Amino acid sequence: MGGFHPPFSYTLTSYDLLIKLRTPYYMKCFYILVAILVLGSCGNNKNKDKTDFVESSPQTISIQQKIANLKNSRNKEVLVVAHRGDWRNAPENSLQAIQNCIDMGVDMVEIDVRETKDGELVVIHDRTIDRTTKGKGYVKDWTLDSLKTLNLVDGLGVETNHKIPTLEEALLLAKDKILVNLDKSYDIFDKCFEIIQRTDTNDQVVIKGVKTREEVEAEFGEYMDKVYFMPVIGLAQPNTKQIVDDYLTHRLPVAFEFIIPQDTIQLIGSFNEIRKKGASVWVNSLWPLHNAGHDDEKAALDPNIYEWYIDHDVDIIQTDRPQLLLDYLRSKNLHR
Amino acid sequence: MRNNIRKIAAVSFMILFGFLSFAQTDNNLEEYRTTRILKQIKSPSKDYVLAVSHRGDWRYAPENSLPAIERCIELGVDIVEIDVRLTKDGHLIAMHDETVNRTTNGSGKVSELTLDEIRAFRLKNACGIRGSKIQVPTLEEIMNLTRNKIMVNLDKVEGKTVKEAYRILKKTGTTEQAIFKGRETVQYMRQKYGSLMDSIIYMPILIDNTGNAVQFVEDYDKELSPFAYEVTFESESSENFKQIAALNRKGIFVLNIALWDNLVAGHTDELSLLQGPEASWGWLIENGADGIMTDRPRELLEYLKSKGLRNLNNKR
């Protein structure tokens, strides 16, 4: 934050004081010079402290490059995933929130999928529509048509002109532009997959689940080679090493998502090894319990917090502050 | 002897300068930024349009939180608008809704909770996500944070908590740095608050349920001669809209609220994203706005700068 300077007012200017003391003329000149230098440098510091808001103009990264970066766990390029889209500047999970991510140069957008009463898939986070619209009730009790009559609200809870998108609308917007992580999709994946196929976006979609390899293969087998599946591994749980090793040996995933409550967990030291074997390492910077306290809110005060991810060989970061993270990574030459 | 004096003088200057550079007030040898902003409000000019940020930069940090206000200071916003409510035990805190339900992880009415109880809650971010460590700030904390850096526009005080708020301003030495506002008539305010009305900066609000806009302004001018009005208008044919030109002619500052359609006849922040800033912010300025309240402070400031409308430094 840095800005809580004590309120400080002074009535005597430095010049007043100079005049009051009987010092020789040349000493006065010297003091005045010092004063100018000190005050001048003070002004400079202030400018440096100011956050720079020049939008970094991203080079457009083609979808092919984004896919290649996702698949390549060994290069130094770090993938940026925007949680629920750019929800600061448009309603979360709205088409505009996805479009903003595309414009910003974000690699992947994370969106949430739910099923309506009439079996359609829409993009919305909560089970109910209460928080993100002015309506009330469960998504599963609303038909798509009736949901489409509602407007999404902004971050103040005020209605906007944006609508709840269908999964199909979201995928068509993302197609050939940005990777998509479908959250909450695991249990309704048959339906999701139909839409993924219809929109021809297979190679852009990442699915995840807190499952062992055997579970996933049993439940999800037919899709394993058709979309990217990413196991989610909570590092506080037992047996994590076995689960990871089993995936690495029998079915190499495109990435692992690791939840890291504390720094002391041993597996953190093996991220580099995992990446060498061909799987990327995804860590969320969203909340402190995801990343041993190296979260976006701390980074908002000091972006160098993100260094922790680089030091620990993380190459995919899901964030609530995509612009801040992109600016940081670009400054370190870790993102285009 | 002379040498000693010289040494003492040198050392004391070093200490003094060290101190000065440490203090880093906004304007080393000039006036405070808040003083310059107030001058601009008192005599609006064509080369500067004020940027007023609604509930702080809530896209960056929770609405009505200290970080959201601090962010406005960093952006160079002139006035931050915050909502102030009274707790059960008589403390003024920043909270928009009557309840804490939407913006914190707690629940209940502000008026039925004590400050301590509210301090135990944590603010949610604009995505409704819990887990921030940020507490609900008191008005006193806000005034200590903003002092000399940014002016504060107090909403929800209206004709209800003027005395309580004034007490905090007195205590923090910021009576010249906060703008009260309200939609009550001058007769109501005068009767309720008497001479206190002459000690605060008060901005009457012309809103579409103001019965007789002309009379409303006339009465205020006669009784309090406010130097600023907040003017909202549903359409260009509304009486309120016509008042803008009249206020302009008298050199009275006009604040427009670009948040929602019915406050600016559709010339909103959102429109400036969809059709470009000329269609909304530009239109408002063209039609007499001296200041604009926005939910997009960064974009508004960029636009104003690009139009040469941020020349505060030239002011005497």
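Laboratory data are not the source of any read-out in this text; all were calculated from the coordinates shown. It should be emphasised that the depicted structure is a prediction, and the values quoted were computed from it without experimental measurement. Ideal geometry is used to build each Cβ from the backbone, glycine not excepted, and the neighbour counts take in all protein chains shown.
With a 10 Å cut-off between alpha carbons and a GNM built on chain B, which of B:GLN135, B:GLN243, B:GLN191 moves the most?
B:GLN191
Name all residues of the stretch A:251-275 having a backbone nitrogen under 18 Å from the label point set 7 Å from the Cα of A:ALA236 along its Cα→Cβ direction, giving them as ranges.
Only A:257-268 pass the distance filter.
Students often forget the sequence filter, so: which lysines lie under 24 Å Cα-Cα from A:LYS117 once same-chain residues fewer than 8 apart are removed?
A:LYS134, A:LYS136, A:LYS140, A:LYS148, A:LYS163, A:LYS184, A:LYS191
Calculate how many DSSP beta bridges within the protein assembly as shown are antiparallel, expressed in % of all such bridges and rounded to the nearest 5.
Numbers: 14 of 72 bridges.
For the protein assembly as shown, the DSSP antiparallel bridge percentage is about 20.
In debye, nearest 20, what is the charge dipole magnitude of the stretch A:211-262 about its Cα centre with +1 on Lys and Arg Cβ and -1 on Asp and Glu Cβ, if you could check? Can you show the working numbers first?
Details: 5 positive and 9 negative charges, 38 e Å.
Value, rounded to 20: 180 debye.
Ranking A:HIS294, A:HIS83 by Cβ neighbours within 10 Å, fewest first, what do you get? Could you put the intermediate results ahead of the total?
Working: A:HIS294 21, A:HIS83 25.
With the fewest neighbours first, A:HIS294, A:HIS83 line up as A:HIS294, A:HIS83.
Taking the convex hull of the alpha carbon atoms in the protein assembly as shown, what volume per residue do you get, in Å³?
On the way: hull volume 127.8 nm³, N = 652.
Considering the Cα atoms of the protein assembly as shown, their hull volume per residue is 196 Å³.
Sort largest first and round to whole Å: the equivalent ellipsoid semi-axes of the stretch B:258-307, each the square root of five times a Cα gyration tensor eigenvalue.
After scaling each eigenvalue by five and taking roots: 14, 12, 10 Å.
Take B:GLN187 and B:THR35, extend 7 Å from each Cα along the Cα→Cβ direction, and tell me the distance between the two endpoints in nm.
Taking the two extended label points, one gets 4.1 nm.
Starting with the highest mean, order A:118-128, A:88-98 by the number of other Cβ atoms within 10 Å, averaged over the residues of each peptide. Can you show the working numbers first?
Values: A:118-128: 19.0, A:88-98: 24.5.
Peptide ranking by packing, descending: A:88-98, A:118-128.
To make sure I understand, if each residue's beta carbon is the centre and we count other beta carbons within 10 Å, what order do B:ASP269, A:ASP296 fall in, fewest to most?
Values: B:ASP269 23, A:ASP296 26.
Ranked by crowding around the Cβ, least crowded first: B:ASP269, A:ASP296.
Please give the charge dipole size of the protein assembly as shown, origin at the Cα centre, charges +1 on K and R Cβ atoms and -1 on D and E Cβ atoms. Round to the nearest 20 debye. Working shown, then result.
Values: 83 positive and 93 negative charges, 639 e Å.
Dipole about the Cα centre, nearest 20: 3060 debye.
First obtain the Kirkwood hydrodynamic radius of chain B from its Cα pairs, then insert it into the Stokes-Einstein equation at 25 °C and 0.890 mPa s, and state the resulting D in µm² per second as a whole number. Before the final figure, lay out the partial values.
Values: Rh = 20.8 Å.
Diffusion coefficient, whole number: 118 µm²/s.
Taking the radius of gyration and the Kirkwood hydrodynamic radius from Cα positions alone, what is the Rg/Rh ratio for the stretch A:50-155, to two decimal places?
On the way: Rg = 16.8 Å, Rh = 15.7 Å.
The Rg/Rh ratio comes out at 1.07.
Averaged over A:149-158, how many beta carbons belonging to a partner chain fall within 10 Å of each residue's beta carbon?
Numbers: counts 0, 0, 0, 0, 1, 6, 11, 12, 7, 3.
Whole-number average of other-chain Cβ neighbours for A:149-158 is 4.
Only four residue types carry charge here, +1 at the Cβ of Lys and Arg and -1 at the Cβ of Asp and Glu. Report the dipole size of the stretch B:144-267 about the Cα centre in Debye, rounded to the nearest 20. Kindly include the intermediate steps, with their values, before the conclusion.
Details: 16 positive and 16 negative charges, 149 e Å.
In total the dipole reaches around 720 debye.
For A:GLU217 paired with A:THR60, estimate the spin-label separation in nm (one decimal), with each label point 7 Å from Cα along the Cα-to-Cβ line.
Each label point is offset 7 Å from its Cα along the Cβ direction, giving 4.2 nm.
Return the sequence-ordered ³J(HN,Hα) values of the stretch A:144-161 in whole Hz as given by the Karplus equation 6.51 cos²θ - 1.76 cosθ + 1.60 applied to θ = phi - 60°, using x for Gly and Pro.
Once rounded to whole Hz, the list reads 4, 4, 6, 4, 5, 7, 8, 9, 6, 9, 8, x, 9, x, 9, 4, 10, 8.
Please report, in cubic angstrom per residue, the volume enclosed by the convex hull of the alpha-carbon atoms of the stretch B:96-234. Before the final figure, lay out each step's value.
Numbers: hull volume 19.6 nm³, N = 139.
In the stretch B:96-234, the Cα convex hull volume per residue is 141 Å³.
If you project the alpha carbons of the stretch A:128-235 onto their three principal axes, what span does each projection cover, largest first, in Å?
Largest first, the stretch A:128-235 extends 44, 32, 26 Å along its Cα principal axes.
Against the longest alpha carbon principal axis of chain B, how many degrees, from 0 to 90 and to the nearest 10, is the axis of helix B:33-42 turned?
Between the helix axis and the principal axis of chain B, the angle is about 30 degrees.
What does the convex hull of the alpha-carbon atoms of the stretch A:118-174 project to on average, in nm²?
Values: hull surface 15.5 nm².
So the Cα hull casts an average projection of 3.9 nm².
Would you order A:TYR138, A:TYR228 from fewest to most other beta-carbon atoms within 10 Å of each residue's own beta-carbon? Walk me through the intermediate numbers first.
Values: A:TYR138 14, A:TYR228 21.
Lowest to highest Cβ neighbour count: A:TYR138, A:TYR228.
Taking R0 as 30 Å, what's the FRET efficiency between B:SER195 and B:LYS242 from their Cβ-Cβ distance, rounded to 0.05? Display every interim value, and only then the final one.
Working: r = 32 Å, r/R0 = 1.08.
Taking R0 as 30 Å, the efficiency between B:SER195 and B:LYS242 is 0.40.
State the answer as a single residue: which of B:ILE142, B:SER235, B:LEU300 lies farthest towards the positive end of the charge dipole of the protein assembly as shown, with beta carbon charges of +1 for Lys and Arg and -1 for Asp and Glu, about the Cα centre.
Positive-end residue among those listed: B:ILE142.
Between the DSSP loop rule and a limit of at most 16 other Cβ atoms within 10 Å, which trypsin sites (Lys or Arg not before Pro) in the stretch A:205-252 are left? It would help to have the intermediate numbers written out before the result.
Details: sites: A:LYS208, A:LYS211, A:ARG213, A:LYS226, A:LYS241, A:ARG251; in loops: A:LYS211, A:LYS226, A:ARG251.
Those that pass, being in a loop and sparsely packed, are A:LYS226, A:ARG251.
What residues have an amide H closer than 5 Å to that of A:VAL109, excluding those fewer than 5 places away on the same chain, when H is modeled at 1.01 Å from N in the peptide plane?
It is A:ALA82, A:LEU179, A:VAL180, A:ASN181, by chain and number.
Would you mind classifying the stretch A:258-336 by shape? Square roots of the alpha carbon gyration tensor eigenvalues, ordered a ≥ b ≥ c; an a/c under 1.5 is rounded, otherwise it is prolate if a/b is larger than b/c and oblate if not. Intermediate values should be presented prior to the final figure.
Numbers: a/c = 2.04, a/b = 1.24, b/c = 1.64.
Note, shape of the stretch A:258-336 comes out oblate.
Output the direction-averaged projected area (hull surface divided by four) of the convex hull of the alpha-carbon atoms of the stretch B:35-151, in nm². Intermediate values should be presented prior to the final figure.
Working: hull surface 30.0 nm².
Hull-based average projected area comes out at 7.5 nm².
What does the convex hull of the Cα atoms of the stretch B:193-239 come to per residue, in Å³, rounded to a whole number?
78
Quote the relative contact order of the stretch B:56-179 in percent (integer), defining contacts as alpha-carbon pairs under 8 Å separated by 6+ residues.
Worked out over the stretch B:56-179, it gives 26 percent.
Beyond 17 Å, what percent of the Cα pairs of the stretch B:164-225 remain? List each step's numbers first, then the result.
Details: 755 of 1891 pairs.
Across the stretch B:164-225, Cα pairs with separations above 17 Å total 40 percent.
Among all lysine pairs in the stretch B:101-248 that are eight or more places apart or on different chains, how many have alpha carbons less than 12 angstrom apart?
Working: B:LYS124/B:LYS133; B:LYS156/B:LYS181; B:LYS160/B:LYS181; B:LYS160/B:LYS192; B:LYS163/B:LYS192.
Total qualifying Lys-Lys pairs in the stretch B:101-248 comes to 5.
Sticking to Cα atoms, compute the Rg of the stretch A:182-336 to one decimal and its Dmax as the biggest Cα-Cα distance, whole number, in Å.
Considering the stretch A:182-336 through its Cα atoms, Rg and Dmax are 16.1, 45 Å.
Calculated FRET efficiency, A:GLN197 and A:LYS136, Cβ-Cβ r, R0 45 Å, to nearest 0.05?
Values: r = 34 Å, r/R0 = 0.76.
Using R0 = 45 Å, I get an efficiency of 0.85.
Based on a Kirkwood Rh over C-alpha pairs, give the Stokes-Einstein translational diffusion coefficient of the stretch B:178-316 at 20 °C and viscosity 1.002 mPa s in µm²/s.
Details: Rh = 15.7 Å.
Value of D from the Cα-based Kirkwood radius: 136 µm²/s.
Nearest 10 degrees is fine. How inclined is helix B:162-172 to the longest principal axis of chain B, computing both from alpha carbons?
Between the helix axis and the principal axis of chain B, the angle is about 20 degrees.
Just counting partner chain Cβ atoms within 10 Å, what average do the residues of peptide B:260-273 show around their Cβ? Each step should come with its number before you reach the end.
On the way: counts 2, 1, 0, 0, 0, 0, 0, 0, 0, 0, 4, 0, 0, 3.
Partner-chain Cβ atoms within 10 Å, mean over residues of B:260-273: 1.
Show me, for the stretch B:243-256, the HN-Hα J-couplings you get by feeding each phi into the Karplus relation (A = 6.51, B = -1.76, C = 1.60, θ = phi - 60°), rounded to Hz, glycine and proline as x.
Along the stretch B:243-256, the couplings run 5, 4, 4, 5, 5, 4, 4, 7, x, 8, 5, 10, 9, 9 Hz.
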